[in-house]
Protein chains: 2
Amino acid sequence: MIREQTGARQSSLRATNLALVLRTVCASPDPLSRAAVAGATGMTRATAARLVDDLVGGGLLDEVERVVLARRGRPATPLVPGARFAALGLQVDAGLLAARVLDLRGRVVAEQVTDGDFVGSAPVPTLARLGGLAADLLAGLPRNLRVVGTGLALPGIVDVDAGVLLRAPNLGWSDVRPADLLAPHLPSGASVVLGNEADLAARTVAETAPGRPGAHRDFLYLSGQIGVGGAAVLAGRVMSGSSGWAGEMGHVCVDPDGPPCRCGSTGCLEQYAGRHALLSAAGLPLDAAPGELAARVAAGDPAAGRALDTAARALGVALAGVINVLDIPTVVLGGHLGELAGLLRPAVQDHLDRRVLSAGWRRPTIAAADTHPAAGATGAALRVLGDVVADPARRLS
Amino acid sequence: MIREQTGARQSSLRATNLALVLRTVCASPDPLSRAAVAGATGMTRATAARLVDDLVGGGLLDEVERVVLARRGRPATPLVPGARFAALGLQVDAGLLAARVLDLRGRVVAEQVTDGDFVGSAPVPTLARLGGLAADLLAGLPRNLRVVGTGLALPGIVDVDAGVLLRAPNLGWSDVRPADLLAPHLPSGASVVLGNEADLAARTVAETAPGRPGAHRDFLYLSGQIGVGGAAVLAGRVMSGSSGWAGEMGHVCVDPDGPPCRCGSTGCLEQYAGRHALLSAAGLPLDAAPGELAARVAAGDPAAGRALDTAARALGVALAGVINVLDIPTVVLGGHLGELAGLLRPAVQDHLDRRVLSAGWRRPTIAAADTHPAAGATGAALRVLGDVVADPARRLS
């Protein structure tokens, strides 16, 4: 029931309005004055100014140099998200380890990305190595930077609440509790939030900085790694499904008679469009760069051409099915698929036009994500900072 | 911004609380007393009683015979949803026309279902015939029944806001405005809300009566018709996607080299598991009942067995992909697929166990919907009545 007068209401009202103010400043591509915050939120100038002062006092907003924003009137003090708050984003992938510190303005404050081969690796030494990277990064940070939490992107299905990586077929890991293994390397009491790599990488498309909308808000994201991860994003939010395991587009079956997949099924999309599958079909070594494949295709190499055609067909078939089911007709390709998007697009588009039931009314589109090594680590930090934006009152006490 | 005092707030407060009371009574499988309503909503008894009185006065709640609900205490007057409010649900399918009047208690007050062959039919005479059915049904209703609106279930993609059926491959219809064609047969000014057949049929699984939760709240629904429709339901709500066209699982590609589909693609699920596809693969006439196919399978008929195996494999492959993407591991089969669920289940389950990435943690399950001819018509009426439950204040003025 909604009641007009309730005792405990005032503090939650303040928390809601603080969040609204912080969200408004974070969402704006340009600095905002207190008056602009009032205008955007529907608050009085006095209320907005009071809440802004509290957020500035807590370091969640920063005042930047005073300028005359309008021709007439008093000079306004532009507000931006606070540079003192940051989060640590970590990532384990079959081909890399990454650690990245992102601040509330979305700037990368520090990072370290290390290539490696972690297919069939052992979780304990791998996570110890990642913990070492993280510890080095944290040790070098300015003292006034407040790292509020750690996110970890993993290429598999994750029980977020329990903090367990249930299964990552390409790593060969199952039932791993990464927080326990990372803990010795992180500040004591630091919390680690896990997430699926593609879900977190998709955040970097949906948001250019914590709480700031990116170019796409409704899209299917495919993360081209050694395998293929995926995420479906609607209204800027990654769809999680009933247990948080949604988005595994790499394991949509393209051909039931196709090659066996590490997951136990056959003919999964990643058996055609994953990096290893593509490179080996093209006769290239598994550590070759996507650009090398593109060069061979351009040079008319038949094996490379066939590998690319096969991948494009598999992407078209799988994505058409996903679009028919989800009605999200924008595809954003990340990782090596993003790098190869120009070459893949014509054939994928063809399949989508023909196989998506609603294509005649809203033609599906295919875009490439910004090439962003270890986007999962960035997304993991965005995830943690998203909690700060959603509930700044918690940080002010 | 949330404010404590706002002028126009009181009436929206009342509307919210009226909706909460009506929703509480509708959701309950048993009649509720005013005291029980107060308990369930957190209102004072006086407030609850006042709101209940308003709803009873407007016919949205009915008082049933006074009984002693508890051993001690005063006799309470049980409340149930009002029998005076009803909605008309209509359905056009490739194999039938249906009209059904459902009241706020979820009872079928009147209905008419006519089999026919509407594949490649002309929209104008077909909708005129449906309008005739509807007019007959409405003419025979008790005078005190208030039919608040009409819903129409269609087997294709629908622009709900514009009231346009964009495309129904199996009917062969495109760009049809059914409300214009039905209008001459309905009371003047009656509104007609369109919806996708499978989306609306899925509502009959999610709700046993308007606002009353059914056995499943998170599930994938497959509607076995001449084709195969689908809907994904999460927390009792049908997922609509960005334009309301989500759920087209019948057009998930099972084999890109498979037979051509009416939609323009190839190897769509409905080319293996649709009623026509199944029956013709089994060598049965297209108007044979699913039971006939089942009987042939039981008798060891090889063509029937093969047809069923092929359908089960296609269902397994397509549904595994959908579960990997959506993480909704409960499948409810409706229409002929529901009737054949017992025979289909073992092979479908096998594919799901093997092909769903998270099957080891949450094994997918397969259930059959209650056999319900023209479930889409029922769902269409539920859809209209859902609006009444959501905003009863509108009906009280």
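Looking at A:THR371, is it modelled with pLDDT of 95 or more and of a type in the set (S, T, N, Q)? The answer is no for A:THR371.
Would you call A:GLY316 closer than 25 Å to B:GLY250 by Cα, of a type outside the set (Asp, Glu) and at pLDDT below 95? Here the answer is no, as A:GLY316 does not meet what is asked.
Given the conditions (1) surrounded by 16 or more Cβ atoms within 10 Å (Cβ to Cβ); (2) at pLDDT below 95; (3) in contact with a Lys or Arg (Cβ under 6 Å, 6 or more places away or on another chain), which single one is not true for A:PRO75? Evaluating A:PRO75 over (1) surrounded by 16 or more Cβ atoms within 10 Å (Cβ to Cβ); (2) at pLDDT below 95; (3) in contact with a Lys or Arg (Cβ under 6 Å, 6 or more places away or on another chain) leaves (1) as the failure.
The listed residues are B:ASP370, B:ASP391, and the only one of them that is surrounded by fewer than 17 Cβ atoms within 10 Å (Cβ to Cβ), acidic (Asp, Glu), more than 22 Å from B:ALA231 (Cβ to Cβ) and under 21 Å from the mean Cα position of the chain (by Cα) turns out to be B:ASP391. The set of residues from the stretch B:100-124 being more than 22 Å from B:GLY149 (Cα to Cα) and among the polar types (S, T, N, Q) comprises just one member, B:SER121. The condition (being touching a Phe, Trp or Tyr at 6+ places or on another chain (Cβ under 7 Å), surrounded by fewer than 24 Cβ atoms within 10 Å (Cβ to Cβ) and touching a residue at least 12 places away in the same chain (Cβ under 8 Å)) is satisfied by just one residue among B:ARG146, B:ARG129: B:ARG146. Filtering the stretch A:314-328 to residues that are within 7 Å of another protein chain (Cβ to nearest Cβ), within 24 Å of B:VAL233 (Cβ to Cβ) and in a helix (DSSP H, G or I) leaves A:ALA320, A:GLY321, A:VAL322, A:ASN324, A:VAL325, A:LEU326.
Of the residues making up the stretch B:232-242, those that are on the phi < 0 side of the Ramachandran plot and more than 10 Å from chain A (Cβ to nearest Cβ) number 3. Of everything in the stretch A:275-300 that's out of contact with any Leu (no Cβ under 9 Å at 6 or more places or on another chain) and in a loop (DSSP other than H, G, I, E, B), which residue is surrounded by the most Cβ atoms within 10 Å (Cβ to Cβ)? Looking at the filtered set, the residue picked out is A:GLY283. Each residue in the stretch B:342-359 was checked for being more than 17 Å from A:THR266 (Cα to Cα) and surrounded by fewer than 22 Cβ atoms within 10 Å (Cβ to Cβ), and 4 pass. Remark: A:GLU248 falls outside the filter, which requires a residue to be more than 10 Å from chain B (Cβ to nearest Cβ), within 25 Å of B:ALA347 (Cβ to Cβ), touching a helix residue (DSSP H, G or I) at 6+ places or on another chain (Cβ under 9 Å) and crowded, with 19+ Cβ neighbours inside 10 Å.
Against the criterion of being at pLDDT 95 or above, over 23 Å from A:GLY89 (Cα atoms), in the same structural domain as A:GLY267 (by TED's automatic domain parsing) and not in a helix (DSSP H, G or I), A:ARG354 does not qualify. Restricting A:ARG167, A:ARG143 to residues that are part of a strand (DSSP E or B) and charged (D, E, K, R) narrows the list to A:ARG167. Evaluation of B:VAL331 against the conditions (1) outside any helix (DSSP H, G or I); (2) farther than 19 Å from A:LEU326 by Cα shows that the sole unmet condition is (2). Considering (1) in a loop (DSSP other than H, G, I, E, B); (2) within 14 Å of another protein chain (Cβ to nearest Cβ), the lone condition that B:ALA202 does not fulfil carries the number (1). Summed over the stretch B:338-360, the residues that are more than 21 Å from B:ARG306 (Cβ to Cβ) and within 24 Å of the chain's Cα centre (by Cα) give a count of 1. Of A:GLY291, A:GLY335, all but one fail to be within 23 Å of the chain's Cα centre (by Cα), away from chain B (no Cβ under 14 Å) and under 30 Å from A:GLY214 (Cβ atoms); the exception is A:GLY335. In the set (1) on the phi > 0 side of the Ramachandran plot; (2) in contact with a Pro (Cβ under 8 Å, 6 or more places away or on another chain), A:GLY172 fails one condition alone, (2). Among the residues of the stretch A:256-267, count how many are surrounded by 22 or more Cβ atoms within 10 Å (Cβ to Cβ), within 8 Å of another protein chain (Cβ to nearest Cβ) and not polar (S, T, N, Q). Looking only at that region, the number is 1.
The values are calculated or read from the model by the stated rules, or taken from the named source; none is laboratory data. Bear in mind the structure is a predicted one, so any value in this text is a computation, not a measurement. Neighbour counts are summed over all protein chains in view; Cβ atoms, including those assigned to glycine, are modelled from backbone coordinates with ideal geometry.
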